[in-house]
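Heads up, the thing below is written out as C-alpha coordinates.
The values are calculated or read from the model by the stated rules, or taken from the named source; none is laboratory data. Computed from a prediction, not measured in an experiment: that's the story for all the values here. Glycine also receives a Cβ, built like all others from the backbone with ideal geometry; neighbour counts cover every protein chain displayed. Protein only, heavy atoms only, side chains kept; ligands, DNA and RNA dropped before computing areas. Shrake-Rupley method; radii C 1.70, N 1.55, O 1.52, S 1.80 Å.
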Amino acid sequence: SLRGGEKSIQDLQNLTNNNDSIISIPLEGKQKLIKEDFLSLGINYAILPDLNVGDGEIQLMVANGDVQKVQHWYKLYREECFRGGEELGELQLISSADYGNTGLITEAQYIEQADETYRRASEKYNQPPGSIESLFLNEEQKVRQATDVGFLEYYNNPEYVALSINRETLVEKSSYAGGDTVNSQGFFASRVPGTWGESEQTLILPAEQVFVTDEGHTYLAYLHKEQKPIIMDAKGELVTVEKRPTGSELFAAHYQQVDSSVAKKSMDSLTIKVAKDVGERIPANPIKAR
(Lines give C-alpha, C1' and ligand atoms only; values in the text may rest on other atoms or scores of the structure.)
Protein backbone atom coordinates (compact mmCIF):
# COMPACT_ATOMS: atom_id res chain seq x y z
CA SER A 1 0.00 0.00 0.00
CA LEU A 2 3.00 2.32 0.37
CA ARG A 3 3.07 3.23 -3.31
CA GLY A 4 3.38 6.95 -2.75
CA GLY A 5 0.88 9.78 -2.95
CA GLU A 6 -1.42 11.62 -0.58
CA LYS A 7 -3.16 9.73 2.21
CA SER A 8 -5.26 10.63 5.20
CA ILE A 9 -3.35 11.19 8.43
CA GLN A 10 -4.85 8.07 10.01
CA ASP A 11 -4.15 5.89 6.96
CA LEU A 12 -0.53 7.05 6.81
CA GLN A 13 0.00 6.32 10.50
CA ASN A 14 -1.63 2.90 10.14
CA LEU A 15 0.46 2.00 7.09
CA THR A 16 3.73 3.13 8.68
CA ASN A 17 2.89 1.94 12.20
CA ASN A 18 3.38 5.57 13.31
CA ASN A 19 6.88 5.72 11.79
CA ASP A 20 6.39 9.18 10.36
CA SER A 21 7.74 12.71 10.70
CA ILE A 22 6.25 16.19 10.42
CA ILE A 23 7.88 18.50 7.91
CA SER A 24 7.31 22.22 7.52
CA ILE A 25 8.22 23.85 4.20
CA PRO A 26 7.65 27.42 2.93
CA LEU A 27 5.39 26.36 0.05
CA GLU A 28 1.99 27.54 1.21
CA GLY A 29 -0.36 27.69 -1.77
CA LYS A 30 1.72 25.23 -3.82
CA GLN A 31 -0.10 22.06 -2.84
CA LYS A 32 -0.59 21.13 -6.50
CA LEU A 33 3.18 21.09 -7.08
CA ILE A 34 3.71 18.96 -3.99
CA LYS A 35 1.00 16.46 -4.93
CA GLU A 36 2.30 16.07 -8.50
CA ASP A 37 5.94 15.63 -7.54
CA PHE A 38 5.40 13.46 -4.46
CA LEU A 39 3.15 11.10 -6.39
CA SER A 40 5.74 10.81 -9.16
CA LEU A 41 8.54 10.13 -6.66
CA GLY A 42 6.58 7.57 -4.64
CA ILE A 43 6.57 9.69 -1.47
CA ASN A 44 3.92 8.75 1.10
CA TYR A 45 2.50 11.77 2.90
CA ALA A 46 -0.51 13.55 4.37
CA ILE A 47 -1.12 17.30 4.24
CA LEU A 48 -1.82 18.62 7.72
CA PRO A 49 -4.35 21.41 8.37
CA ASP A 50 -2.74 24.84 8.12
CA LEU A 51 -3.02 26.27 11.64
CA ASN A 52 -1.49 29.62 10.68
CA VAL A 53 -2.78 30.62 7.25
CA GLY A 54 -0.69 33.33 5.64
CA ASP A 55 2.66 32.51 7.28
CA GLY A 56 3.95 30.96 4.05
CA GLU A 57 4.52 27.53 5.61
CA ILE A 58 2.73 24.25 4.97
CA GLN A 59 3.06 21.19 7.20
CA LEU A 60 3.16 17.59 5.96
CA MET A 61 3.31 14.23 7.68
CA VAL A 62 5.76 12.00 5.78
CA ALA A 63 6.69 8.34 6.16
CA ASN A 64 10.13 8.12 7.79
CA GLY A 65 11.39 6.03 4.91
CA ASP A 66 10.63 8.89 2.52
CA VAL A 67 12.14 11.79 4.51
CA GLN A 68 15.43 11.68 2.56
CA LYS A 69 13.53 11.80 -0.73
CA VAL A 70 11.63 14.90 0.41
CA GLN A 71 14.83 16.59 1.56
CA HIS A 72 16.55 15.93 -1.77
CA TRP A 73 13.47 17.03 -3.76
CA TYR A 74 13.24 20.28 -1.80
CA LYS A 75 16.97 20.93 -2.23
CA LEU A 76 16.58 20.72 -6.03
CA TYR A 77 13.43 22.84 -6.03
CA ARG A 78 14.98 25.46 -3.76
CA GLU A 79 18.03 25.74 -6.02
CA GLU A 80 15.76 26.10 -9.04
CA CYS A 81 13.86 28.95 -7.34
CA PHE A 82 17.11 30.62 -6.30
CA ARG A 83 18.32 30.68 -9.89
CA GLY A 84 15.03 32.32 -10.80
CA GLY A 85 15.54 35.05 -8.21
CA GLU A 86 13.31 33.57 -5.47
CA GLU A 87 14.88 32.65 -2.15
CA LEU A 88 13.10 30.05 -0.05
CA GLY A 89 13.64 29.17 3.58
CA GLU A 90 14.81 25.86 5.00
CA LEU A 91 12.84 22.65 5.20
CA GLN A 92 12.17 22.00 8.89
CA LEU A 93 11.56 18.79 10.81
CA ILE A 94 9.25 19.65 13.71
CA SER A 95 7.53 17.80 16.53
CA SER A 96 3.76 17.36 16.85
CA ALA A 97 3.83 19.81 19.76
CA ASP A 98 5.61 22.41 17.63
CA TYR A 99 3.04 21.87 14.89
CA GLY A 100 0.22 22.52 17.34
CA ASN A 101 1.93 25.67 18.52
CA THR A 102 1.93 27.14 15.01
CA GLY A 103 -1.68 28.12 15.59
CA LEU A 104 -0.97 29.70 18.98
CA ILE A 105 2.14 31.82 18.48
CA THR A 106 3.22 34.55 16.12
CA GLU A 107 5.03 33.87 12.88
CA ALA A 108 8.29 35.30 14.22
CA GLN A 109 8.11 33.17 17.36
CA TYR A 110 7.31 30.08 15.31
CA ILE A 111 10.27 30.56 12.97
CA GLU A 112 12.62 31.10 15.91
CA GLN A 113 11.34 28.02 17.70
CA ALA A 114 11.28 25.90 14.53
CA ASP A 115 14.91 26.75 13.83
CA GLU A 116 15.91 25.37 17.22
CA THR A 117 13.75 22.30 16.67
CA TYR A 118 15.32 21.80 13.27
CA ARG A 119 18.80 21.81 14.78
CA ARG A 120 17.77 19.20 17.34
CA ALA A 121 16.11 17.11 14.63
CA SER A 122 19.17 17.42 12.39
CA GLU A 123 21.41 16.07 15.15
CA LYS A 124 19.04 13.13 15.54
CA TYR A 125 18.65 12.37 11.83
CA ASN A 126 22.35 12.82 11.04
CA GLN A 127 23.34 10.04 13.41
CA PRO A 128 24.38 6.74 11.81
CA PRO A 129 21.20 4.72 11.27
CA GLY A 130 20.64 1.51 13.17
CA SER A 131 21.14 -1.86 11.52
CA ILE A 132 17.45 -2.35 10.69
CA GLU A 133 17.10 1.19 9.32
CA SER A 134 20.28 0.78 7.26
CA LEU A 135 18.97 -2.44 5.76
CA PHE A 136 15.70 -0.72 4.82
CA LEU A 137 17.42 2.25 3.24
CA ASN A 138 19.86 0.10 1.31
CA GLU A 139 17.08 -2.08 -0.07
CA GLU A 140 15.01 0.97 -1.02
CA GLN A 141 17.88 2.61 -2.90
CA LYS A 142 18.96 -0.58 -4.66
CA VAL A 143 17.81 -1.24 -8.21
CA ARG A 144 16.49 -4.80 -8.10
CA GLN A 145 16.98 -7.61 -10.56
CA ALA A 146 14.12 -8.22 -13.00
CA THR A 147 13.84 -11.67 -11.38
CA ASP A 148 12.70 -10.00 -8.14
CA VAL A 149 9.14 -10.83 -7.16
CA GLY A 150 8.40 -7.08 -6.99
CA PHE A 151 8.75 -7.03 -10.78
CA LEU A 152 5.36 -8.76 -11.03
CA GLU A 153 3.54 -5.87 -9.34
CA TYR A 154 4.43 -3.53 -12.19
CA TYR A 155 4.39 -6.14 -14.94
CA ASN A 156 0.76 -7.00 -14.21
CA ASN A 157 -0.40 -3.43 -13.57
CA PRO A 158 -2.09 -1.92 -16.67
CA GLU A 159 -1.63 1.59 -15.28
CA TYR A 160 2.12 1.41 -15.95
CA VAL A 161 4.09 1.45 -19.21
CA ALA A 162 7.44 -0.33 -19.47
CA LEU A 163 10.55 1.51 -20.68
CA SER A 164 13.67 -0.22 -21.99
CA ILE A 165 16.76 1.74 -20.86
CA ASN A 166 20.16 0.84 -22.26
CA ARG A 167 22.86 1.20 -19.61
CA GLU A 168 25.66 2.24 -21.97
CA THR A 169 23.80 4.85 -24.03
CA LEU A 170 21.25 6.24 -21.56
CA VAL A 171 22.98 5.93 -18.17
CA GLU A 172 26.73 5.99 -18.75
CA LYS A 173 26.46 8.59 -21.54
CA SER A 174 24.42 11.02 -19.50
CA SER A 175 25.27 14.28 -17.77
CA TYR A 176 23.46 13.43 -14.53
CA ALA A 177 22.52 9.74 -14.48
CA GLY A 178 24.61 7.56 -12.22
CA GLY A 179 25.74 10.45 -10.04
CA ASP A 180 25.91 10.05 -6.27
CA THR A 181 23.63 13.06 -5.73
CA VAL A 182 20.71 11.29 -7.37
CA ASN A 183 21.42 7.65 -6.62
CA SER A 184 22.23 8.15 -2.93
CA GLN A 185 18.71 9.45 -2.38
CA GLY A 186 16.91 6.36 -3.67
CA PHE A 187 16.32 7.56 -7.23
CA PHE A 188 17.29 6.21 -10.63
CA ALA A 189 18.23 8.64 -13.40
CA SER A 190 18.68 8.11 -17.12
CA ARG A 191 18.95 10.29 -20.21
CA VAL A 192 15.75 10.57 -22.21
CA PRO A 193 16.41 8.99 -25.65
CA GLY A 194 16.83 11.47 -28.49
CA THR A 195 17.87 14.36 -26.23
CA TRP A 196 21.46 15.62 -26.46
CA GLY A 197 23.55 18.69 -25.67
CA GLU A 198 21.49 21.77 -24.88
CA SER A 199 18.27 19.80 -25.27
CA GLU A 200 19.32 16.90 -23.03
CA GLN A 201 16.73 15.78 -20.50
CA THR A 202 17.08 13.39 -17.58
CA LEU A 203 14.27 11.17 -16.34
CA ILE A 204 14.23 10.58 -12.57
CA LEU A 205 12.28 7.68 -11.10
CA PRO A 206 12.11 6.03 -7.68
CA ALA A 207 14.64 3.18 -7.68
CA GLU A 208 11.94 0.69 -6.70
CA GLN A 209 10.29 1.19 -10.11
CA VAL A 210 13.43 0.10 -11.98
CA PHE A 211 14.78 -3.42 -12.56
CA VAL A 212 18.04 -4.55 -14.14
CA THR A 213 18.13 -7.40 -16.67
CA ASP A 214 20.04 -8.63 -19.74
CA GLU A 215 23.17 -9.31 -17.60
CA GLY A 216 23.27 -5.67 -16.50
CA HIS A 217 23.09 -4.15 -19.98
CA THR A 218 19.43 -3.13 -19.81
CA TYR A 219 17.05 -1.65 -17.28
CA LEU A 220 13.29 -2.15 -17.32
CA ALA A 221 11.65 0.91 -15.78
CA TYR A 222 7.94 1.26 -15.09
CA LEU A 223 6.26 4.62 -15.59
CA HIS A 224 2.71 5.48 -14.59
CA LYS A 225 0.76 6.38 -17.71
CA GLU A 226 -1.20 9.33 -16.30
CA GLN A 227 1.33 10.81 -13.89
CA LYS A 228 3.98 13.35 -14.86
CA PRO A 229 7.46 12.05 -13.96
CA ILE A 230 10.28 14.23 -12.66
CA ILE A 231 12.51 15.53 -15.49
CA MET A 232 15.67 17.67 -15.34
CA ASP A 233 16.87 19.82 -18.23
CA ALA A 234 20.42 20.17 -19.57
CA LYS A 235 21.29 22.67 -16.81
CA GLY A 236 20.20 20.30 -14.06
CA GLU A 237 17.08 22.32 -13.32
CA LEU A 238 13.70 20.72 -12.76
CA VAL A 239 11.25 21.05 -15.64
CA THR A 240 8.04 22.67 -14.34
CA VAL A 241 4.95 20.51 -13.89
CA GLU A 242 3.13 22.38 -16.65
CA LYS A 243 5.82 21.50 -19.20
CA ARG A 244 6.26 17.84 -18.25
CA PRO A 245 4.62 15.11 -20.36
CA THR A 246 2.60 12.29 -18.84
CA GLY A 247 4.10 8.82 -18.78
CA SER A 248 2.17 7.81 -21.89
CA GLU A 249 3.25 10.95 -23.75
CA LEU A 250 6.91 10.48 -22.81
CA PHE A 251 6.81 6.83 -23.89
CA ALA A 252 5.22 7.63 -27.25
CA ALA A 253 7.68 10.43 -27.99
CA HIS A 254 10.98 8.87 -26.89
CA TYR A 255 10.83 5.17 -26.09
CA GLN A 256 10.37 2.12 -28.27
CA GLN A 257 8.47 -0.99 -27.33
CA VAL A 258 10.27 -3.06 -24.73
CA ASP A 259 12.10 -5.95 -26.41
CA SER A 260 9.75 -8.87 -25.84
CA SER A 261 12.61 -11.38 -25.77
CA VAL A 262 14.31 -9.48 -22.93
CA ALA A 263 11.05 -9.14 -21.05
CA LYS A 264 10.13 -12.79 -21.55
CA LYS A 265 13.59 -13.88 -20.37
CA SER A 266 13.07 -11.88 -17.17
CA MET A 267 9.63 -13.37 -16.66
CA ASP A 268 10.85 -16.92 -17.31
CA SER A 269 13.63 -16.47 -14.75
CA LEU A 270 11.14 -15.07 -12.28
CA THR A 271 8.78 -18.00 -12.93
CA ILE A 272 11.48 -20.49 -12.03
CA LYS A 273 12.54 -18.55 -8.93
CA VAL A 274 9.02 -18.14 -7.56
CA ALA A 275 8.12 -21.72 -8.43
CA LYS A 276 10.99 -22.89 -6.24
CA ASP A 277 9.97 -20.56 -3.42
CA VAL A 278 6.23 -21.18 -3.27
CA GLY A 279 5.81 -24.39 -5.23
CA GLU A 280 3.60 -23.02 -7.98
CA ARG A 281 4.20 -21.67 -11.48
CA ILE A 282 3.33 -18.12 -12.55
CA PRO A 283 2.32 -17.70 -16.21
CA ALA A 284 4.92 -15.78 -18.20
CA ASN A 285 3.46 -13.40 -20.77
CA PRO A 286 5.58 -11.04 -22.89
CA ILE A 287 5.22 -7.35 -22.19
CA LYS A 288 3.22 -5.59 -24.85
CA ALA A 289 3.45 -1.94 -25.81
CA ARG A 290 0.90 0.01 -23.83
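If you check Phe211 against the conditions, is it under 24 Å from Asp66 (Cα atoms), touching a residue at least 12 places away in the same chain (Cβ under 8 Å), crowded, with 17+ Cβ neighbours inside 10 Å and not β-branched (Val, Ile, Thr)?
Working: under 24 Å from Asp66 (Cα atoms): yes; touching a residue at least 12 places away in the same chain (Cβ under 8 Å): yes; crowded, with 17+ Cβ neighbours inside 10 Å: yes; not β-branched (Val, Ile, Thr): yes.
The answer is yes for Phe211.
Which residue is farthest from Leu27 (Cα to Cα), if the candidates are limited to region 56-100 and must be hydrophobic (A, V, I, L, M, F, W, C) and part of a helix (DSSP H, G or I)?
Residues of region 56-100 that are hydrophobic (A, V, I, L, M, F, W, C), as a first pass: 58, 60-63, 67, 70, 73, 76, 81-82, 88, 91, 93-94, 97.
Add one more test, that the residue is part of a helix (DSSP H, G or I), and what stays is 67, 70, 73, 76, 81-82, 97.
Numbers: Val67: 17, Val70: 13, Trp73: 13, Leu76: 14, Cys81: 12, Phe82: 14, Ala97: 21 Å.
Step by step, filter region 56-100, then rank; the result is Ala97.
Could you go through region 81-88 and let me know if any residue there is open to solvent by 70 Å² or more (accessible area, probe 1.4 Å), within 19 Å of Glu237 (Cα to Cα) and in contact (Cβ under 8 Å) with a residue 40 or more places away in the chain.
Yes, region 81-88 contains a residue that is open to solvent by 70 Å² or more (accessible area, probe 1.4 Å), within 19 Å of Glu237 (Cα to Cα) and in contact (Cβ under 8 Å) with a residue 40 or more places away in the chain.
Give me the pairs: first residue in region 47-63 and open to solvent by 30 Å² or more (accessible area, probe 1.4 Å), second residue β-branched (Val, Ile, Thr), beta-carbon distance under 6 Å, and six or more apart or on different chains, which are they?
Listed by first residue and then by second, the contacts come to Leu51/Thr102; Asn52/Thr102.
So in region 75-109, with the set limited to residues that are aromatic (Phe, Trp, Tyr) and out of contact with any Asp or Glu (no Cβ under 9 Å at 6 or more places or on another chain), which one is modelled with the highest pLDDT?
Going residue by residue through region 75-109, those that are aromatic (Phe, Trp, Tyr) are 77, 82, 99.
Filter again for out of contact with any Asp or Glu (no Cβ under 9 Å at 6 or more places or on another chain), leaving 82, 99.
Numbers: Phe82: 90, Tyr99: 77.
Per the criteria, the residue is Phe82.
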